[in-house]
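**Q** Okay, here's the structure, questions in a sec.
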Amino acid sequence: MTYHPRGPGGTTTAPLTRIIRDSLDRLRAFDRHRPRVWDAAVTAFWVVAAVLDYTSGGWRTVAHDDVTAPEFLVLLMSLGFSLPLLWRRTHPLAVLLLMAPVSVVNIWTGAVVQAALLQLIPVFQIVLRSSLRTVGAAALLFVVPVLAGGIRIPAGWGQEVVSYVWGLVFVVLLGIAVRTRREYTEALVERAHRLEHERDQQARLAAAAERTRIAREMHDIIGHNLSVITGLADGGAYAARKNPERAGQALEAIGTTSRQALSELRRLLGVLRDDHPDADRTPQPTLDELAPLIDRVRRAGLTVHLELNGDPLRAALTPGRQLTVYRVVQEALTNTLKHATGPTSATVTLTCSRTHLDAHITDTGTGTDPGTTAGTTVGTTADAAEAPLPAQGIMGMRERAALYDGTLEAGPLPDHGGWQIRLRLPLEDTHP
């Protein structure tokens, strides 16, 4: 099977075209790395051509009959047109200024050395890099000596003046075309670099957002389940002394909760592993999972009442909104388990209207510090003292609510000890 390299757009590149393109690329690369070598080579080529034109007498074929220039002056003029080309790219206007007096002598004496056309090379460089005003000045430097020679020798108008002017027009148009193409290519390269930079930025932002999401999910899963396990373990240790049967039930509940936590963590971490593209992608919890969640919290020792108004379980909530409500309820009950002291109960109220779903979670725990602004109740137990950064839970809940244009308020109850969480989510997106 023959391999056919493809160019832009998927088209097959012809072998000759590929060879020419590769050669030009290598030539450009050599010029970028060794510009002086290339300038010297080009200058040497034109010097040799100019000297050969002089030594072979080729200049006499176009010279006027009444030429007054001696041969050594013709040689000097040939070198005067070719040697300055060494600086044609670094100082093109200076090179053209240096050639202008030689051009005047060339036309005025009637020698008409053909090397005078080498002036078009610095003109081309000026068109490539300079402003329109500089291009106009270069054109005058090229044309004025020719016009002066035409006045001096009227017979030269048809031979020199017209051909020089047409050569100037051709070089200027060629320079404009090359310059336009170069600027267009540079603009495309700059745009490609900018898009690549923006793509990298978007990738970093997406990675940061994903890390935040994973941290939020890990916080909800681990924090809730460990709090339930801690409550069950404490209750089991107390019951073991008086009611071994209840202690066994607590151990069974601990096992069930632990397996569920491991399953959720395995599902969450499994999708992050590149070597397992078929990782388990079980759907995230929905409102249907609220009842099992509350049962687990009850087994941990917290009395929870669930009130449903308007049948929110059948509301047209997206999976993301259902997960938000589930996690907010989970976090609120977890905070109650961790931080509330004394006899405590909690109430979860879900109210669904035609446009919004409201979740109101309250608890009757004591030991609440009204000055706490983190959004969680802080008790006086050792567990509460060891709880790191209690604001993280509320921050996560607010971020979840903000994803769906919702609002979340957290604070102490005004009438008695305890805490409340208010979540309000629109059933549909409010932004375009």
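**Q** Restricting attention to the stretch 266-285, does a residue exist that is modelled with pLDDT of 75 or more and either surrounded by 16 or more Cβ atoms within 10 Å (Cβ to Cβ) or out of contact with any helix residue (DSSP H, G or I) (no Cβ under 9 Å at 6 or more places or on another chain) (or both)?
**A** Taking every residue of the stretch 266-285 in turn, at least one turns out to be modelled with pLDDT of 75 or more and either surrounded by 16 or more Cβ atoms within 10 Å (Cβ to Cβ) or out of contact with any helix residue (DSSP H, G or I) (no Cβ under 9 Å at 6 or more places or on another chain) (or both).
**Q** Further question: Using the structure shown, decide if Val104 is part of a helix (DSSP H, G or I) and either in contact (Cβ under 8 Å) with a residue 60 or more places away in the chain or touching a Pro at 6+ places or on another chain (Cβ under 9 Å) (or both).
**A** Yes: the conditions hold for Val104.
**Q** If the Cβ limit is 9 Å and pairs must be 6+ apart or interchain, which residue in the stretch 15-32 that is open to solvent by 90 Å² or more (accessible area, probe 1.4 Å) pairs with which residue that is outside any helix (DSSP H, G or I)?
**A** These pairs meet every condition: Arg21/Gly7; Arg21/Thr13.
**Q** Is there any pair with a first residue in the stretch 85-99 that is assigned to a loop (DSSP other than H, G, I, E, B) and a second that is among the acidic types (Asp, Glu) and open to solvent by less than 70 Å² (accessible area, probe 1.4 Å) whose Cβ atoms are under 7 Å apart and which are 6 or more apart or on different chains, and what are they?
**A** Arg89/Asp39
**Q** Let me ask something else about it. Checking the structure you have, find out if any residue of the stretch 388-396 is aliphatic (A, V, I, L, M), closer than 13 Å to Thr362 by Cα and modelled with pLDDT of 75 or more.
**A** Checked the stretch 388-396: no residue is aliphatic (A, V, I, L, M), closer than 13 Å to Thr362 by Cα and modelled with pLDDT of 75 or more.
**Q** Which of the residues spanning the stretch 287-319 are assigned to a helix (DSSP H, G or I) and open to solvent by 20 Å² or more (accessible area, probe 1.4 Å)?
**A** Within the stretch 287-319, Asp288, Glu289, Ala291, Pro292, Asp295, Arg298, Arg299, Leu313, Arg314, Pro319 meet the criteria.
A quick yes/no check of all residues on (1) of a type in the set (Ser, Thr, Tyr); (2) open to solvent by less than 60 Å² (accessible area, probe 1.4 Å); (3) touching a Phe, Trp or Tyr at 6+ places or on another chain (Cβ under 9 Å):
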| site | (1), (2), (3) |
| --- | --- |
| Ser82 | yes, yes, yes |
| Leu93 | no, no, no |
| Met99 | no, yes, yes |
| Trp108 | no, no, no |
| Ala111 | no, yes, yes |
| Ala115 | no, yes, yes |
| Phe124 | no, yes, no |
| Leu128 | no, yes, no |
| Val135 | no, yes, no |
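**Q** Can you confirm whether the stretch 64-73 contains a residue that is buried (at least 18 other Cβ atoms within 10 Å of the Cβ) and either within 30 Å of Ser130 (Cβ to Cβ) or modelled with pLDDT of 75 or more (or both)?
**A** Checking the stretch 64-73: not a single residue is buried (at least 18 other Cβ atoms within 10 Å of the Cβ) and either within 30 Å of Ser130 (Cβ to Cβ) or modelled with pLDDT of 75 or more (or both).
The values are calculated or read from the model by the stated rules, or taken from the named source; none is laboratory data. None of the values given here were measured: they were computed from a predicted structure. Ideal geometry is used to build each Cβ from the backbone, glycine not excepted, and the neighbour counts take in all protein chains shown. Just the protein is used for accessible areas: all its heavy atoms, side chains included, with ligands, DNA and RNA removed. Shrake-Rupley method; radii C 1.70, N 1.55, O 1.52, S 1.80 Å.
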